[in-house]
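The values are calculated or read from the model by the stated rules, or taken from the named source; none is laboratory data. Values in this document were obtained by computation on a predicted structure and should not be read as measured data. FYI the Cβ positions are ideal-geometry reconstructions off the backbone, even for glycines, and counts take in every protein chain you see. Note: areas computed on protein heavy atoms with side chains; ligands, DNA, RNA excluded. Shrake-Rupley method; radii C 1.70, N 1.55, O 1.52, S 1.80 Å.
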Amino acid sequence: MIYAANFKTNHTRYTTKNYIQDLQAKLSTKKAEDKVYIFPPLTALDTFEGDFTIGTQNAYPVKNGAFTGEIGLEQLAEFNINTILIGHSERRDILGESQQDVAKKFSFFKEQGFEIIYCIGESLEIREQGINAVMEHLLSQFEGIDTNYENFVVAYEPIWAIGTGRTASVEEITETHNALKKVVNKPLLYGGSVKGQNIEEIARIKNVEGVLVGGASLKTETFLELVLH
Ligand code: PEP
């Protein structure tokens, strides 16, 4: 299983360092085949040593240049970061990234050999129309994306389940992941209010190969409840 922690706009450089020290001390009992990823805020990126991978929540598809407020390859290379989240619904919906922007970012970081955790997900309005509408929407989020890229992981995150405490049902996750697996034969993560109380049933679902976690990743205790479940 993959366990990916997305801190979003939470934690500081100082608290991230403490978090990682605490996490690392307790990761020795995790299963060897399990992989842990941490996506701290940009100001907390650094070269941390341990049994986990540090990735960036975002970057601009450029080595360096005049892109106020963004970071590029040069800033990531300083900390040997070569893992990136692309397509998160908060970047698409709040920060206005179009599918074209997302695809451009994907192509650039693919060229650089980055491991890409690529997020897709539907609104509640689409979910209520049924699985065909959901799949049509999810497939549209692969437009311009090379789904055969070797360092490609997909995170299915229904928008209505992100940060809401409302998790998709086992049936909904099963049906969606099975349908996704037929078109993208890559590791599939589920994201959306994953926590200690639901990790068992989610991790047991066939074709769920990991979880992307926001809220429950912010404290080491709650994240470790998932990693060590
Ligand atoms: C996320 O934003 O990737 C996420 C899954 O958040 P949460 O776990 O808080 O729903």
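Brief remarks follow.
- Per-atom-type breakdown for region 2-227 gives carbon and sulfur 48% of the accessible area (1.4 Å probe, protein chains only).
- Rounded if a/c under 1.5, otherwise prolate or oblate - region 1-103, Cα gyration tensor axes: prolate
- Pairs of Cα atoms farther than 17 Å apart, region 36-152, %: 58 percent
- Volume in Å³ per residue [convex hull over Cα atoms, computed for the chain]: 116 Å³
- Loop-resident sites, region 123-229, for trypsin sites (Lys or Arg not before Pro), counting at most 14 other Cβ within 10 Å (DSSP): 166, 204, 206, 219
- Volume per residue of the C-alpha convex hull in region 110-156, rounded to whole Å³: 69 Å³
- Region 188-229, relative contact order [Cα under 8 Å, separation at least 6], %: 49 percent
- Taking each DSSP H run with n ≥ 4 as -39500 (n - 2.57) and averaging over every residue of the chain yields -9500 deg cm²/dmol at 222 nm.
- Cα gyration tensor, region 91-219 - rounded (a/c under 1.5), prolate or oblate: rounded
- Near residue 133: Cβ cut-off under 10 Å, other residues only, Lys/Arg at +1 and Asp/Glu at -1. The net charge is -3.
- Gaussian network model of the chain, springs between alpha carbon atoms under 10 Å - residue of 57, 129, 21 with greatest fluctuation: 129
- Database remark: amide H of residue 53 closer than 5 angstrom to the amide H of 36, 37, 38 (H placed geometrically; neighbours at sequence offset of 5 or more, or on other chains; Pro and chain starts carry no H).
- Comparing 188, 95, 42 in a Gaussian network model of the chain, where Cα atoms under 10 Å apart are tied by springs, the biggest mean-square fluctuation is seen for 95.
- Qualifying chymotrypsin sites (Phe, Trp or Tyr not before Pro) in region 13-99, where qualification requires a DSSP coil assignment and no more than 12 other C-beta atoms within 10 Å, comprise 67.
- Loop-located GluC sites (Glu not before Pro) across region 121-206 with a Cβ neighbour count of 12 or fewer within 10 Å are 128, 143, 150, with loop assigned by DSSP.
- Around residue 149: net Lys/Arg minus Asp/Glu count, Cβ-Cβ under 12 Å: -2
- A straight Cα-to-Cα reach below 17 Å connects residue 110 with the aspartates and glutamates 74, 101, 143, 146, 150, residues fewer than 8 places away in its own chain not being considered.
- Residues of type lysines that residue 26 reaches as a straight line, Cα spacing below 17 Å, ignoring anything fewer than 8 places off in the same chain: 17, 35, 219
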